[in-house]
Amino acid sequence: MALEKELQLYKDKLSELIKDEGKYVLIHDSSIIDTFSSYEDAIKEGYKLFKLEPFLVKQIQSIEHIQFISRLRSSPYPIPCRVPWPSRTGASCCRAAWQLPSMPPLF
């Protein structure tokens, strides 16, 4: 996995880094280079020092916020309906087609 060492170092040193919570840490290989007040400053410094070598810039957070982004167009999760319900034409809304059996209705 890419940046495995850098991510492990971040986890191991989080208790020390937490004093700078909200800032961004620049990590290369097995070294913490510095912390920065903005993501842009950290990225610029990373490219300046390491060119195209892999490096990690991560915001220091005591609670990790998980983000999921998928490139898949089809999803098992409900997609908000674009047809007003009930529509002026009397057509039914598409919302029922997207509800999973175990989930409560969206509207």
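FYI, it's all coordinate maths here, none of it is from the lab. These numbers come from a predicted model, not from an experiment. Glycine gets a Cβ as well: all are built from the backbone with ideal geometry, and neighbour counts include every protein chain shown.
Length gained on full extension, Lys13 to Ser38, computed as 0.36 nm times the residue gap minus the Cα-Cα distance: 7.0 nm.
Placing a label point 7 Å from the Cα of Leu52 along the Cα-to-Cβ direction, none of the residues of region 21-44 has a backbone N under 15 Å of that point.
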